[in-house]
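What follows draws every value from the coordinates through simple rules; no lab data is involved. Every value quoted in this text rests on a predicted model; they were computed, and no experiment measured them. As a convention, Cβ positions derive from the backbone with ideal geometry for all residues, glycine included, and neighbour counts pool all protein chains shown.
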Amino acid sequence: MNPIVSLSNPSGFSGEIMEQTGVNTGLCWQCKCCSGGCPFSDFMDYLPNQVIRLIQLGLKEEALGCATMWICVGCHTCSMECPVGIDMAAVNDGLRQMCREAGRKPAEPDIMAFHKEVTHSIHRYGRTHKLEIMMRYKMHKGNWLADFNVGLRMLSKRKLDLMPSKVNNVGAVRRLFEKTGETIR
Amino acid sequence: MTVFNARKISYFPGCSLATSARESNESLKAFFNQYDIDLIDVPDWNCCGSSSVHSINMELGEYLPSRNLALAPPGRPLLAACPSCYLRLRQSRIAIGEDSRARDQYRAMWGKPFDPNLRIITFFELLADLADAGAFENRGNRLKGLKFAPYYGCMLARPPKMRREKNFFGLMEKVLVSLGAEPVRWAHQARCCGTFLSVSRPDIAAASVQKIMDGAFRSGAECIVTACAMCHLNLEIRSKLPGRTPVLYFSELLSLAEGFGPGRGWFSKHLIDPRPLLRARHLMG
């Protein structure tokens, strides 16, 4: 009988993750240190160790549909806890990208929308323009009054520049987008 | 050779410090000027990709920092002011360095070979060298009695590939104590502020920030000290406590302690006004 988890040669979904991220999830023995350390685990549907388990068991549908990878901000606290040095943030990067490539609706569409706005801002200017990112994100949400106060206070304290800071050779930056097939609507 | 011996250092401010957190940028430059260290901006630098690009396009997340690596002149360390930019630049550099195909691609993209000797450093690394060289000894006691909560956020945590690298835990305490300040002991110094969740899931970021701000308040700290613009912003905008503890940039406090701050407009940009505290402590007029 084949073992479910192969340490040396992960196959199936674990193999895809290894191909995508270089991380061997087969090494995880479910000690849960990652989940104990994660500052945002209260807000996740699967704990980080459970996401690894989904991958080990080849449950791709469940893994790509989970909210955990979107809630993860890549603070690396889990990696510091992990006794076998699994790069959980990289695994989440890989899952998000697979979710996107599969054309699936993300479990946290707002977080995806935010990431896209930041990415688009870099395409436009070579740098991020916070005010425009916020405004466009608000357009996506359609909820102009949420955080209105915070926005006003930031504007009045000149923490949000009206004009973007730009890269001169923005063409060089845009070529990187083309190279990776990142299309901008 | 220590980094400190290099008098000219390439400087990557990053989007936050170039715009919304200009006070952090200016105080950092002002501080290093005092030590005759020249920070020279990487010409025409671009965004490192922030937390977002690698989250949805890993390949692009590696390419964006690589342009900056190519733009950095050889023979000088590259200082990334923002802890998050630092990580992006370093991770891109490690990924390219360990893969010959990526190195070939780098050469094709930027018309020059990948420089394996380019050293990417944080503000802390430079400061640790200054501290080791005795820069903070006998500098007076301007911060005498100031009780501060050192806040590192996630800047001490790193991906497994970097876990054996030097870590600067305790550096803020070491430097500020030598200038007379007193650190408090508290539980939240390495708790992540929530970064972009502050926009896309403010409920989650606010919960994290609340724990941090509450912890600082209960520890008796008069101020929180951070080296990260993202942390600074989140602690200020997502905190709902009355009588909130002011959040200072490490570089602002250093400049004040050395007696050449504040610059115009540093503290007026803070949403939690630190000036009453600083006046009471005779750190500003």
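Relative to the longest principal axis of the Cα atoms of chain A, the long axis of helix A:170-179 lies at roughly 30 degrees.
In terms of surrounding Cβ atoms within a 10 Å radius of their Cβ, B:Glu252, A:Glu132 rank from fewest to most as A:Glu132, B:Glu252.
Reducing segment B:250-283 and segment A:114-185 to their Cα centroids gives an inter-centroid distance of 30 Å. Here r is the Cβ-Cβ distance between B:Ala108 and A:Asp42 and R0 is 56 Å; the resulting FRET efficiency, rounded to 0.05, is 0.75.
Relative to the longest principal axis of the Cα atoms of chain B, helix B:58-71 runs at roughly 90 degrees.
Given in Å, the Rg to one decimal and the Dmax to the nearest whole number for the Cα atoms of chain B are 18.9, 59. Couplings 3J(HN,Hα) for segment A:107-119, derived from phi with the Karplus relation 6.51 cos²θ - 1.76 cosθ + 1.60 (θ = phi - 60°), are 5, 10, x, 5, 5, 4, 4, 5, 4, 5, 4, 5, 4 Hz, where x marks Gly and Pro. Extents of segment A:12-101, largest first, come to 28, 24, 19 Å (Cα atoms, principal axes, whole angstrom). Mean-square fluctuations from a GNM of chain B, with a 10 angstrom spring cutoff on Cα atoms, peak among B:Pro242, B:Pro77, B:Pro43 at B:Pro242. Convex hull volume of the Cα atoms of the protein assembly as shown, normalised per residue: 142 Å³. Based on alpha-carbon centroids, what's the gap between segment A:46-105 and segment B:47-75 in Å, whole number please? Between the Cα centre of segment A:46-105 and that of segment B:47-75, the gap is 22 Å.
Ellipsoid semi-axes for segment B:140-280, based on the Cα gyration tensor and the rule √(5λ), read 23, 20, 14 Å when sorted largest first. Straightening the chain between A:Cys31 and A:Ser11 buys 5.0 nm, computed as 0.36 nm per residue apart minus the Cα-Cα spacing. The stretch between B:Lys166 and B:Arg218, if pulled fully straight at 0.36 nm per residue, gains 15.6 nm over its current Cα-Cα span. I need the shape label for segment B:3-123. Rule: rounded when a/c is under 1.5, else prolate if a/b > b/c, else oblate, with a, b, c from the alpha carbon gyration tensor. Oblate. Helix A:88-101 against the longest principal axis of chain A: what's the angle in degrees, Cα atoms only, rounded to the nearest 10? On a 0 to 90 degree scale, this one is about 70. Run the numbers on segment B:3-123 and let me know its relative contact order in percent, using alpha-carbon pairs under 8 Å that are six or more apart. Over segment B:3-123, the number comes to 28 percent. Once the mean of 1/r is taken over each pair of separate Cα atoms and inverted, segment A:1-156 shows a Kirkwood hydrodynamic radius of 17.1 Å.
Net length available on complete extension from B:Phe260 to B:Gln34 is 80.5 nm, with 0.36 nm assigned per residue and the Cα-Cα distance removed.
Set against the 2.2 N^0.38 Å expectation for a compact globular protein, segment B:58-175 has a Cα radius of gyration ratio of 1.29.
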